[in-house]
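The block underneath contains the structure these notes are about, expressed in structure tokens.
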Amino acid sequence: MDRLKIDGGVPLTGEIAISGAKNAALPLMAAGLVTDGTLRLTNVPDLVDTRSMEVLLSNHGLAVERDDDVVTMSGDVTNVDAPYDLVRKMRASILVLGPLLARHGQARVSLPGGCAIGTRPVDLHIRAMQALGAIVELADGYIQARAPDGLTGARVVFPMVSVGATENALIAASLAKGTSELVNVAREPEISDLAECLIAMGARISGHGTDTIIVEGVDRLGDATHAVIPDRIEAGTFAIAALITGGDLTLTRAQPRHLDSLLDILRDTGASITAGEDNMRVVANGVTKAADITTDPFPGFPTDLQAQFMALMCLADGSSRISETVFENRFMHVPELTRMGADIQVDGGVAMVRGRPALTPAPVMATDLRASVSLVLAALATEGTTEVSRIYHLDRGYADLELKLGQCGARMERVGG
Ligand code: EPZ
């Protein structure tokens, strides 16, 4: 099993081009199931998760071709089953439920099961499909859904904000008969990116980016070419990498306006951040001041940057209160950071971090995608050699991590066995 050996203590300086967003690419690829024509996506990151989605779409019968960062999908669905052995590799497989129902009137999707950060139920996805007229049964670990006469537009009110359930409902409503009003939806940039792509395919959607989206169903969706938005979580991760190592990084092909909540907090910690239209420069300014965060759906502080921010607070001047409100178990990085000498006390969904002048190298273990990268960040800031194991988690969400950071001075080596 691969490990990363990291010799930390080097300020990172230079320029990194941000890749396309994993969490935009996955729903966009699932939308390939609803077009009668060809969907061509550009700026698609080459990740384990996007490769898994390619396999899943091929399993449904689509012709899926990848050429560098361009993924093209076309053809008819010949199989509506999303089997457990594919779904268990990637929870986002649930995103084929809405498209299959919308265009093919039925879907049999394995329940994804939980993961390290929580039970992650899919009840909101199911409720949205039922609201749009689908008959849904759970049997043998599968969601068995059908809409033999197609879906019907409806008012769908989400009791809590869910990115994935919003995406499933948005795609499904695009081909429903009549108009749908989706209420209390997620406002993440990835939702707006999906809406813009569906509109390019012929969908009639308005309100995306707010908490209510209106969709007028159409009979069919056609060809489109769409560029995946930059990955705001990758950009936020590298901004923190600049600060935790006392460095100076310029991030290009980024969209700083997708990161307002993070950039505001980083400025509070003393960082110098210059944001352009599609780039930003992040410069450390001596000691990092401690700051408190509470994660929240967009435009609040992203839960996907909580672990990375915690690593930064481990070396800050002062104490930081970190409240995780989105997932029930997203502190798996805490015991590993503690092994490196961090002072963190967890009480339920709140972690109190007391900053230390330095951490110490130690063998640590990755548990989930964002926890993994928080350990990499801590190691990059720590003199000596730290080994991070189980880094297959990293490969799910960060393309060319060693290459990108290595070009800015990071001393990282992947070792097998
Ligand atoms: C998406 O997951 C992202 N994944 C996650 O990123 C991200 O952390 C999350 O949104 C929140 O921003 C992708 O986009 C592929 P949710 P998703 O539905 O859609 C509960 C990463 O690191 N919930 O918004 O699964 C759920 O348990 C990943 O890139 C239900 O109760 O997140 C959670 O507590 C991790 N029932 C909360 O809602 C449901 O039916 C928010 O989950 C669905 C969700």
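With just the Cα atoms defining each centre, how far is segment 155-210 from segment 269-299? Give it in Å. After rounding, the separation between the Cα centres reads 30 Å.
Largest mean-square fluctuation among GLY207, GLY153, GLY286, in a Gaussian network model of the chain whose springs join Cα atoms under 10 Å apart, belongs to GLY286.
Within the shell of other residues whose beta carbon sits under 15 angstrom from the beta carbon of VAL334, the net charge comes to 0, with Lys and Arg scored +1 and Asp and Glu -1.
Taken over the Cα atoms of segment 1-40, the convex hull encloses 134 Å³ per residue. Computed over the chain, the convex hull of the alpha-carbon atoms projects to a mean area of 18.0 nm².
Note on the chain: antiparallel DSSP beta bridges, both residues inside, total approximately 70 percent of the bridges counted.
GNM on the chain, alpha-carbon springs under 10 angstrom: the most fluctuating residue among GLU324, GLU167, GLU277 is GLU277. Share of pairwise Cα-Cα distances greater than 21 Å in segment 289-401 is 30 percent (whole percent).
Positive-end ranking of HIS393, LEU95, ILE191 along the dipole of the chain, with charges on Cβ about the Cα centre, is headed by HIS393.
About its Cα centre, the dipole of the chain is roughly 520 debye, where the only charges are +1 on Lys and Arg Cβ and -1 on Asp and Glu Cβ.
Close amide H pairs (under 5 Å, H built 1.01 Å from N) link ASP296 with PHE301, THR303, residues at least 5 positions away or on another chain. Once neighbouring chains are kept in place and the probe is 1.4 Å, which whole percent of the accessible area of segment 1-129 is contributed by carbon and sulfur? C and S atoms contribute 46 percent here.
In segment 260-395, the portion of solvent-accessible area held by carbon and sulfur atoms comes to 48 percent [1.4 Å probe, whole percent, DNA, RNA and ligands not counted]. Phi angles across segment 269-276 convert, under the Karplus curve 6.51 cos²θ - 1.76 cosθ + 1.60 with θ = phi - 60°, into 3J(HN,Hα) values of 7, x, 6, 9, 10, 10, 10, x Hz, Gly and Pro given as x.
Relative to the longest principal axis of the Cα atoms of the chain, the long axis of helix 48-59 makes an angle of roughly 10 degrees. Taken per residue, the accessible surface of the chain reaches 37 Å², heavy atoms only and a 1.4 Å probe. Separation of the alpha carbons by more than 27 angstrom is noted, of LYS22/LYS289; LYS22/LYS89; LYS89/LYS177, for LYS22/LYS289; LYS89/LYS177. Long-range amide H contacts for GLY37: which residues qualify at under 5 Å (H placed 1.01 Å from N, peptide plane, sequence gap of 5 or more or a different chain)? Counting only residues 5 or more places away or on other chains, the set is ASP223.
Percent of Cα-Cα pairs more than 27 Å apart in segment 186-308, please. Of the Cα pairs, 29 percent sit more than 27 Å apart.
The values are calculated or read from the model by the stated rules, or taken from the named source; none is laboratory data. The model shown is predicted, which means the values in this text are computed figures rather than measured ones. Positions of Cβ are backbone-derived with ideal geometry, glycine not excepted, and every protein chain shown enters the neighbour counts. Heads up: the accessible areas ignore ligands, DNA and RNA and are worked out on the full protein's heavy atoms, side chains in. Shrake-Rupley method; radii C 1.70, N 1.55, O 1.52, S 1.80 Å.
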